[in-house]
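The block underneath contains the structure these notes are about, expressed in structure tokens.
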Amino acid sequence: MESTSKHIQLQYQGYLNTPLLWQKQRIYGLAQLELPGLLVHRFNKTISENLLLGKRVEQFVIDELQQHENIKILLENFQIQNEKITIGEIDCLLQQDDIPIHLEIIYKFYLFDANLGNSEIDHWTGPNRKDTLVQKLNKLRDKQLPVLYNEHAKPFLDRLRIHSDDVLQRVLFKAQLFAPYRTNVNFDLVNSQCLKGFYIHYSETQQFSLCKFHIPVKVDWLLEVHTKVDWISYDQFIKNIAPILNEKKAPLCWIKFPNGNIQKFFVVWWTSST
């Protein structure tokens, strides 16, 4: 149990260390909830071992918010329903300095593809090519945040004595970003501090044949890289990732170079033209 507790703490610390995807300015009209950084903080809640990464992050966010004396959580993971039909969900409704805020929580992994779209925001795609940053921003702006103004949300706001017109809307959007190997990316809108590693096509992995590798489980994608893991050889690594890639899934991996440097990277099955 102690080792599990320590491991969750490492995941939590990885979450805390992940920067906001953008700061200060708005993107697609969306403003971030910018919080003062916490001193080293202990996560003491219990989390189910099979809790998925996204839900795990939501628990980490709620815990972080609760450490700020000027913040009070009013609702979390609250479903808005019309009889038995779910209209939408509010990730978090809080008060900061007595100002009500509707907060949507997002933690993503995006890869830079210069051939995708025409703008900096267009170029970021999910590892499996099933989602993009643009799609997520549109969903937040057009579907997720507007649920606050749905008629079926009003009774719950009334009970809290809150009027929707008085509620600020914010996102807490964190991300880990990855660029093609040995490629420089210009950052004008998104936060360059989110760049956590690189990605490479499966066919190009031979150049790393002298390296060691680690393939973390999905919830450990949050972790900062460190040396105290089970490292495997290149041959074993290729054998382990082949079935993942065959399912058209791109694994996040750690690589330890012969000089001792460690980095995160994705191995992808697609090319930038697909």
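Each reported figure results from applying straightforward, stated rules to the coordinates on display, with no laboratory input. As the structure is a computational prediction, the values presented were derived from the model and not from experiment. All Cβ positions, glycine included, derive from the backbone under ideal geometry; neighbour counts span all protein chains shown.
Residue 157 meets the conditions (1) touching a residue at least 40 places away in the same chain (Cβ under 8 Å); (2) closer than 25 Å to residue 55 by Cα; (3) more than 17 Å from the chain's Cα centre (by Cα) in every case but one. The failed one is (1). Among the criteria (1) touching a helix residue (DSSP H, G or I) at 6+ places or on another chain (Cβ under 8 Å); (2) assigned to a loop (DSSP other than H, G, I, E, B); (3) of a type outside the set (Asp, Glu); (4) under 16 Å from residue 108 (Cα atoms), the one residue 22 does not fulfil is (1).
Search the range 27-68 for residues being in a loop (DSSP other than H, G, I, E, B) and among the charged types (D, E, K, R), and hand back the single one that is nearest to residue 190 (Cα to Cα). Even if it seems obvious, please write down each step before you answer.
Taking the range 27-68 as the starting set, the residues that turn out to be in a loop (DSSP other than H, G, I, E, B) are 28-29, 31, 33-52, 67-68.
Now restrict to residues that are among the charged types (D, E, K, R): 34, 42, 45, 49.
Values: 34: 15, 42: 29, 45: 32, 49: 32 Å.
Among residues in the range 27-68 that are in a loop (DSSP other than H, G, I, E, B) and among the charged types (D, E, K, R), the one nearest to residue 190 (Cα to Cα) is 34.
The strands (runs of 3 or more DSSP E) falling completely within the range 185-274 that include 3 or more residues that are out of contact with any Lys or Arg (no Cβ under 6 Å at 6 or more places or on another chain) and either surrounded by fewer than 19 Cβ atoms within 10 Å (Cβ to Cβ) or aliphatic (A, V, I, L, M) (or both) map to 195-201, 262-268. Going through (1) under 23 Å from the mean Cα position of the chain (by Cα); (2) surrounded by 14 or more Cβ atoms within 10 Å (Cβ to Cβ) one by one, residue 138 falls short only on (2).
What is the residue count in the range 69-80 for residues that are outside any strand (DSSP E or B) and surrounded by 14 or more Cβ atoms within 10 Å (Cβ to Cβ)? The qualifying residues number 0.
Can you tell me how many residues in the range 200-225 are in contact (Cβ under 8 Å) with a residue 60 or more places away in the chain and over 17 Å from the mean Cα position of the chain (by Cα)?
Residues of the range 200-225 in contact (Cβ under 8 Å) with a residue 60 or more places away in the chain: 200-202, 205, 218-224.
From the residues that got through so far, the ones that are over 17 Å from the mean Cα position of the chain (by Cα) too are 200-202, 205.
Here the count works out to 4.
Taken as a whole, the range 160-173 holds no residue that is in contact with a Gly (Cβ under 9 Å, 6 or more places away or on another chain), in contact (Cβ under 8 Å) with a residue 60 or more places away in the chain and not in a loop (DSSP other than H, G, I, E, B). How many residues are out of contact with any Lys or Arg (no Cβ under 7 Å at 6 or more places or on another chain) and within 13 Å of residue 111 (Cα to Cα) if we restrict to the range 174-183? Residues flagged as out of contact with any Lys or Arg (no Cβ under 7 Å at 6 or more places or on another chain) and within 13 Å of residue 111 (Cα to Cα) within the range 174-183 amount to 4.
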